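Data first, discussion second: the structure below is written as structure tokens.
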Amino acid sequence: MSKRLKALALAGSLAMVAGTAIPAAAQTDITLWTTEEAGPLEFVEGLAAAYEEANPGVSITTIFHAPESMVNDVLTAAIGGQAPDLLWTQADHVGPLAAAGQIAPLDDLVDTSVYVPAAIDVTTVDGQVWGVPNSFGNALMLYYNKDVIPEPPANTDELVELAVANTDAASDKYGLVYDQTQSFWLTPWLGGFGASVFDEAGDPALGSEAMVDTLTFLRDLKWTHGVMPVDANYDTANALFLSGDAPMIINGDWELGNYAGTFGDALGIAPIPEVVGGGWPAPFLSGKYLMVPSATAENEEKAAVVADLIAFINDTDNQLAMVEALARIPGNAEAIEDPVVADDPLIAGTAAAASNGTQQPINLEMNCAWDAMTNGLVTLYSSADAAPADVAAGMQSALEDAVAPGGACGPE
């Protein structure tokens, strides 16, 4: 009897329930490249094994590729006619792979309607879907210690009020902490204040008035309200929260297990608070997405098998198995409404925070935008005298230089 994966524990044990095999006219070999490793890689391999058992005519070879090398590995393999048949990789790989013509749009290959709209939006470009989510998130959100703050702040005024009330700098206690050294922690606020990295024409927009407003708010958190430590990189902020010396931290869903293990039922999760007079902060979303190389899409028989494999991987049962095994937010819309997700306050809180998220710009110049924003933030957080308008102008100038002909991200 054919089998379908029901759950896979990180220890590697499998439990199956009945599924439906697809007809296989001949042996079909599928090569799956993935950026998953360790426990998550075991989960991928378990899914592959379950699909093979349900479909004896299909053989799946799963190969790990490091996230930082995956794009170049795909491009190199394609040159030699050795591209993989399916990719399980980072959402932000859509931009360079689609621009290089190495992945195919999926609208006519898979049923995109079964996915969470916010997750599908992450890999939608010019109205076409280039990747479907196995899991999504990677979003920044507000973690809080419920023993100190029973209810999360609903807006930025409440955030500041609670942070001030819980700050005693002389005792190294601060109301709010996060990494002050990386611009990833700037980007959620862009949505709240109406700012953006690039404008609709794709040109740098870091010098806008909305960006100045964003930087003014962040400057005031540190230098006017004094609720943040003078120096705080990722490790410092994390240590303050874990030790109880900071009741609130803005951090990503990758720390969920760590924080839950430390705080137990005292851990709270909420979206980053709404900007008073503005909107909800919109953290950049990422996650693990399935993408189909162009060569696969052009092979009718193989494309049919890969499409069915994608449907299998992301069906409701297997998505819920992923939640239980890996504590990730499922991309399947039915799974995200299931009690396995909805009745777990931590997973549900993470999903709620991610629902405010937005697509990271896929512009090929984004690497230079990160650098420009990070350098600006270092200036903003290094001195109480740093003027937000000057910082925004400096970021804009740096990015314009970088994307100009001959610049680090510009045409040669």
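The values are calculated or read from the model by the stated rules, or taken from the named source; none is laboratory data. These figures come from a predicted structure and were not determined experimentally. Here the Cβ is made from the backbone with ideal geometry for all residues, glycine too, and neighbour counts use every protein chain on show. We work out accessible area using only protein heavy atoms, side chains counted, and drop any ligands, DNA or RNA first. Shrake-Rupley method; radii C 1.70, N 1.55, O 1.52, S 1.80 Å.
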Item to check | Only Lys, Arg (+1) and Asp, Glu (-1) charged, at Cβ; the chain dipole about Cα centre in debye | outcome: 520
Item to check | the chain: angle of helix 38-54 to the longest principal axis, Cα-based, in degrees nearest 10 | outcome: 30
Checklist outcome for this item: Per residue, accessible area of region 62-202 with a 1.4 Å probe, heavy atoms of protein chains only, in Å², comes to 41
Checklist entry - Which cross-chain or sequence-distant (5 or more) residues have an amide H under 5 Å from the amide H of Ser135, H modelled 1.01 Å from N in plane? => result Lys288, Gly331
Item to check | 12 Å beta-carbon shell around Ala372, net charge (K/R +1, D/E -1) | outcome: -4
Checklist outcome for this item: Taking Cα atoms, the helix 300-313 axis meets the longest principal axis of the chain at an angle in degrees (rounded to 10) of 50
Checklist entry - Normalised by the number of residues in region 42-182, what is the relative contact order in percent for Cα pairs under 8 Å and 6+ residues apart? => result 11
Next on the checklist: What does the extension gain come out to for Glu37 and Ala408, with contour length at 0.36 nm per residue minus their alpha carbon separation?
Outcome noted: 130.4 nm
Checklist entry - Accessible area of Val230, 1.4 Å probe, to the nearest 10 Å²? => result 90
Checklist entry - Tell me, what is the Rg over Rh of the chain, with Rh the Kirkwood radius over Cα pairs? => result 1.00
Item to check | For region 117-174 versus region 229-277, the gap between their alpha-carbon centres in whole angstrom | outcome: 9
Checklist entry - Highest GNM mean-square fluctuation, the chain, Cα pairs closer than 10 Å: which of Asn314, Asn367, Asn138? => result Asn367
Item to check | Alpha carbon Rg of region 272-357, scaled by the compact-globule rule 2.2 N^0.38 Å | outcome: 1.38
Checklist outcome for this item: For the chain, the longest principal axis of the Cα atoms and the Cα long axis of helix 388-403 enclose an angle in degrees, to the nearest 10, of 40
Next on the checklist: If I ignore ligands, DNA and RNA and count only protein heavy atoms, how much of Arg328 is accessible to a 1.4 Å probe, in Å² to the nearest 10?
Outcome noted: 60
Checklist entry - What percent do you get for the relative contact order of the chain when only Cα pairs under 8 Å and 6+ apart count? => result 23
Item to check | DSSP beta bridge pairing in the chain, given as percent antiparallel to the nearest 5 | outcome: 70
Checklist outcome for this item: Reported to the nearest 10 Å², Glu298 has, with a 1.4 Å probe, an accessible area equal to 150
Item to check | Charge dipole (the chain, unit charges on Cβ, about Cα centre) - positive-most of Gly261, Met373, Ala335 | outcome: Gly261
Next on the checklist: Expected output is a single nm value to one decimal: the length gained when fully extending between Asp108 and Gln128, i.e. 0.36 nm times separation in residues minus the C-alpha distance. What is it?
Outcome noted: 6.2 nm
Next on the checklist: Given the -39500 (n - 2.57) contribution per DSSP H run of 4+ residues, what per-residue ellipticity at 222 nm results for the chain, rounded to the nearest 500 deg cm²/dmol?
Outcome noted: -11500 deg cm²/dmol
Next on the checklist: Give me the percent of accessible area attributable to carbon and sulfur for the chain, probe 1.4 angstrom.
Outcome noted: 50
